[in-house]
Structures are given as C-alpha cells and as structure tokens.
Amino acid sequence: MPGGRYPAAGCGGRPQQRLTSVRVGDLDRAERASRAQSTYRRHVVRLAVVASLVAALVIGAVVAYNSNLFAVENVTVSGVEHLTTEDMTAMANVPANTTLLRVDAAGIRERLLKNAWVADAEVKRVFPNTLELAVTERTIAAVVAVPTEDAKSVKRWAIASDHMWLMPIPDQDSEAGKRTSPKVYEDAAAVLSITDVPYGTKAEIGTYCSDDNVSNALDIVSGMTTELAGRVTKVSATDAEGTTLTLDDNVEIAFGKAENIRDKERVVLKIMEENPTVVYINVRVVDRPTWRAL
C-alpha cells in the first residue's frame, strides 16, 4: 500500500474491528481470585452464624445459671451402712435454694471425706432436680482394746484396714449405743480383737494409728493369704516381737513381726497338719519353729 498504510475497511467497505488478546495465565489468576473471594464470603457467613449460636448459648447458660431452673429438691445417698442417710445429708450441708448448676459439688465431697467412715465419695447431678451422694465406706478390720488414761480399764475402738481410727464403740444399751448403727456392732462381733495394747496408745477419730504394735498386728492379718486369716480371732499386741495370734480353736501362734508372712503361714499349717493336738506354735524365727502339743 502506498505510504505503508493498511486498509481501514474490509470487504464491502465495513471498518475492520480491532483484535485484543489476553494471556491464559491472566484468566487462571482471575478465576482463582474469584473462587477465593467466594470461599471467603462463605466462611465469613459461617463464622457469623457460629458466633451467633455461641452467643445465644452463652446468654442462655448465664440466664439458666442465675435462675431457679434445676433447683435441688432431692438428696439421695447410696453406699452407706455404718452412717445414716440423715448423717450424710447433714455432712453434705447442701445450701437451700441451690440448683444443680450452682451447687458446689467439690465442696460437698470435701466435707464428706472429713468423716472417718468415708473412704471416697462422688457427688452426682441427676437432672432435673436430684443430687446423689455415692459413698464408699471404710469397714472395720479389728476392734482394739485401748487403755484409758487412768489405765484402769480399756475402751473398744473400731479401726479400718488402712489403720484409720473409726470410732469408740459405746455400750450397745447406752444412749450413744442406741444412736449407733446396728451394723457397727454386727461387724465388731465378726472381726478380730487386738488386746494387750501398751498404755499410752492414742486413738482419735479420723486419724491414722501411730502405734507400731497395733499396726504390726493389722499388717499380719491383712497380709495372710491362707485359711489362717479367717481363723484369727484375737491378736495380743504387747510389742511387735511378741505379737501372738489366737485361732478359733484356741491354738496360739507366736508370730512376731509382720515379716515373711507367707513362709510363717506355710510352716504353721504344716505343723498343725502333722500334729492335730498342737496348742502352741512359735514361728517368730521362721526357719527355727517350735511347738507344743497336748
């Protein structure tokens, strides 16, 4: 073309349209940006919905917490034999007009555990209006004849297998005895007696026994694994070395310290089997036993 110009019109005299081009990479970036923006908007909407629900739940929880909804109307007690339901309810001291949402379950459990009989306790909320006190009681392992301060008599004390002093056992016909659970007397009659405890042994409700002689006696019986354990009716605990067991057929066993218990049991059972009329066995030194028969 003259002058190097291109024609301004195409066929039929129509102006020729100008062509533009876009790179493929630009299209991909634009599409990704559009998708990302759409995803972001969806996330924002979802977060807004979740935030609204959480706020509604929090407000509802605060309102319920401060209202009388789920008021504690019943307190039930399970697992007690030596304590009464009234005793447990009094110890729990559940505040009036409290609710299952506001009740101090940890504080109630702590108060229950202060009682010597309570080995463990669980405070359960049972909706809509019940508080359940599930108690695990200690049991009487032995009755200890503890000398009184004037040394003129002894006082019978119930002690648990973990060496905690549970209570002094009153005479059953006394006023205190009438207020005591019959289960205490039933158990006391079935367990062994620890006698000849030295003067000065101190027993206090809710404390662990600090007397080595009493502890030694309990450890012997609790450590037995044979039929002898169920046959011991009395333990003389003058001192650890001199600890003597009395069986239900009046056979006396000088047992000594709570050491080599299984070996001592084995020797005792063998001597009793070979000597049916035996009345005394000494296994303080387990490899040099002695015995006496009728």
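Set the Cα radius of gyration of the stretch 221-264 against 2.2 N^0.38 Å, with N its number of residues, and you get 1.05. The angle between the Cα long axis of helix 212-223 and the main principal axis of the chain comes to about 70°, on a 0 to 90 degree scale.
Model label sites at THR98 and SER78, defined 7 Å from Cα along the beta-carbon direction, differ in position by 2.0 nm. At a probe radius of 1.4 angstrom, the accessible area of the chain per residue rounds to 63 square angstrom.
Counting only alpha carbon atoms, the long axis of helix 261-274 and the longest principal axis of the chain meet at about 40°.
Modelled spin-label separation between ASP162 and THR233, with each label point placed 7 Å from Cα along the Cα-to-Cβ direction: 3.1 nm.
What is the helix-to-structure angle for 24-65, meaning the angle in degrees between its Cα long axis and the longest Cα principal axis of the chain, kept from 0 to 90 and rounded to the nearest 10? Tilt relative to the chain: about 40 degrees. Match the structure shown to one of the listed values (1) 150, 55, 31; (2) 59, 43, 32; (3) 64, 42, 31 of Cα extents along the principal axes in Å, computed from it, and give that label. Computed from these coordinates, Cα extents along the principal axes in Å corresponds to label (1).
For the stretch 154-294, give the share of DSSP beta bridges that are antiparallel, in percent and rounded to the nearest 5; count only bridges with both residues there.
Expressed as a percentage, antiparallel bridges in the stretch 154-294 total about 70.
Helices in the chain, meaning DSSP H runs of at least 4 residues, each add -39500 (n - 2.57). Divided by all residues, the mean residue ellipticity at 222 nm is -11000 deg cm²/dmol. Computing the accessible area with a 1.4 Å probe over protein heavy atoms, can you report the carbon and sulfur percentage for the chain? The nonpolar share, carbon plus sulfur, comes to 53 percent.
Under the classification rounded if a/c is under 1.5, otherwise prolate if a/b is larger than b/c and oblate if not, where does the stretch 225-291 fall, given a ≥ b ≥ c as square roots of the Cα gyration tensor eigenvalues? It is rounded, given that a/c, with a ≥ b ≥ c, falls under 1.5. Output the antiparallel fraction of DSSP beta bridges having both residues in the chain, as a percent to the nearest 5. Around 70 percent of the beta bridges assigned by DSSP in the chain are antiparallel ones. Could you give the distance between the Cα centres of the stretch 220-235 and the stretch 272-294, to the whole Å? Their Cα centres are 16 Å away from one another. Of LYS152/LYS234; LYS202/LYS257; LYS124/LYS183; LYS114/LYS152; LYS152/LYS202, which sit over 24 Å apart, Cα to Cα? Exceeds cut-off: LYS124/LYS183; LYS114/LYS152.
The values are calculated or read from the model by the stated rules, or taken from the named source; none is laboratory data. Note that this is a predicted model, so its numbers are computed, not measured. No Cβ is skipped: glycine too gets one built from the backbone with ideal geometry, and neighbour counts run over all protein chains shown. For accessibility, only protein heavy atoms count, side chains too; no ligands or nucleic acids. Shrake-Rupley method; radii C 1.70, N 1.55, O 1.52, S 1.80 Å.
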